[in-house]
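Written out below as structure tokens is the structure these notes cover.
The values are calculated or read from the model by the stated rules, or taken from the named source; none is laboratory data. The shown structure was predicted, so the numbers you read here are calculated from the model rather than taken from an experiment. Neighbour counts are summed over all protein chains in view; Cβ atoms, including those assigned to glycine, are modelled from backbone coordinates with ideal geometry. Ligands, DNA and RNA are excluded from the accessible area calculation, which covers all protein heavy atoms including side chains. Shrake-Rupley method; radii C 1.70, N 1.55, O 1.52, S 1.80 Å.
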Amino acid sequence: RRGPAFDQLQKIEATKPDPADWPTYRHDRGRSGSTTASVPAQLSTAWQARLSGRLTSVVVADGRLFVAETDRHTLHALDAATGKEIWSYYTEAPVRFTPTVVGGKVIAGSDDGIVYCLRASNGELAWKERIAPKDQRLPGNGRMISLWPIRTGVVVSNGVAYVTAGLFPSEASYVAALKVSSGDTIWKNTYK
């Protein structure tokens, strides 16, 4: 469950986010949808990038734009100034919700029941943690998905990532708190 970027990311210290960044869905963990950054009255297109299929909402941090291409099971990082692709990372199932960026890391859940933490600069895997109790899959929307897919965004607060897995009431749902630094489970609750 640890990837090649695990040790390097342990050395990165969390910094205060730039107010111009939009690092998670609707800007912050409170989902306020607002920012103190200045925005010009007249907007214009700076660049365009071609991605296909369904896309999540985008997030922007540290000069990079992050988005998931749901139909292709792919997380993308683009240069926020030019739109040029920096990296792509493939998961085993669709990523349906906006990734979260914190402390040089990109965190997202997938329909495979796993939370992925990638190095924001190059997309290398730092860690991944299965929230589902086991790797059991079934067909869903033409793809093989976990019986407990991650169908929420990841909320991060004080170094802890909160996430929920589960979709089918008869199979229970799992709510977990993970250490952002390591992916270790702090606690996990089961609801049935």
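Considering segment 145-175 alone, what residues qualify as being among the hydroxyl-bearing types (S, T, Y) and either crowded, with 21+ Cβ neighbours inside 10 Å or within 12 Å of G113 (Cα to Cα) (or both)?
Answer for segment 145-175, where residues must be among the hydroxyl-bearing types (S, T, Y) and either crowded, with 21+ Cβ neighbours inside 10 Å or within 12 Å of G113 (Cα to Cα) (or both): S146, T152, T164, S173, Y174.
Consider G183 carefully, then state whether it is crowded, with 17+ Cβ neighbours inside 10 Å and under 23 Å from D79 (Cα atoms).
It is false that G183 is crowded, with 17+ Cβ neighbours inside 10 Å and under 23 Å from D79 (Cα atoms).
Residue under question is A68, and the condition is that it be over 16 Å from T152 (Cα atoms), in contact (Cβ under 8 Å) with a residue 40 or more places away in the chain, touching a Phe, Trp or Tyr at 6+ places or on another chain (Cβ under 9 Å) and not polar (S, T, N, Q); does it hold?
So A68 does not fit the description; no.
Restricting to segment 129-156, and then to whatever is in contact with an Asp or Glu (Cβ under 9 Å, 6 or more places away or on another chain), assigned to a strand (DSSP E or B) and of a type outside the set (K, R), can you tell me which residue is nearest to T98 (Cα to Cα)?
Step by step, filter segment 129-156, then rank; the result is I150.
Please enumerate the residues belonging to segment 17-29 that are open to solvent by 60 Å² or more (accessible area, probe 1.4 Å) and in a loop (DSSP other than H, G, I, E, B).
P17, D18, P19, A20, Y25, R26, R29
Give the residue, chosen from V58, V39, that is more than 15 Å from the chain's Cα centre (by Cα), β-branched (V, I, T) and farther than 18 Å from G159 by Cβ.
It is V39.
Kindly provide the set of residues from segment 139-159 that are free of Cβ contacts under 8 Å to residues at least 12 places away in the same chain and over 17 Å from D71 (Cα atoms), ordered by number.
N158, the sole residue that qualifies.
Take the residues in segment 30-46 that are touching a residue at least 12 places away in the same chain (Cβ under 8 Å) and touching a strand residue (DSSP E or B) at 6+ places or on another chain (Cβ under 9 Å); name whichever of them is least open to solvent (accessible area, probe 1.4 Å).
Restricting to residues being touching a residue at least 12 places away in the same chain (Cβ under 8 Å) and touching a strand residue (DSSP E or B) at 6+ places or on another chain (Cβ under 9 Å), the top hit is A37.
Could you say which residue among P99, P133 is at pLDDT below 95 and either β-branched (V, I, T) or under 18 Å from T152 (Cα atoms) (or both)?
Within the list P99, P133, the selection yields P133.
Take the residues in segment 163-188 that are over 16 Å from R1 (Cα atoms) and part of a loop (DSSP other than H, G, I, E, B), then tell me which one is modelled with the lowest pLDDT.
This residue is F168.
Please count how many residues of segment 84-110 are open to solvent by less than 20 Å² (accessible area, probe 1.4 Å), under 12 Å from the mean Cα position of the chain (by Cα) and not basic (K, R).
Selection size over segment 84-110: 12.
Would you mind finding the one in L125, L178 that is on the phi < 0 side of the Ramachandran plot, among the aliphatic types (A, V, I, L, M) and surrounded by 18 or more Cβ atoms within 10 Å (Cβ to Cβ)?
After applying the criteria, what remains is L178.
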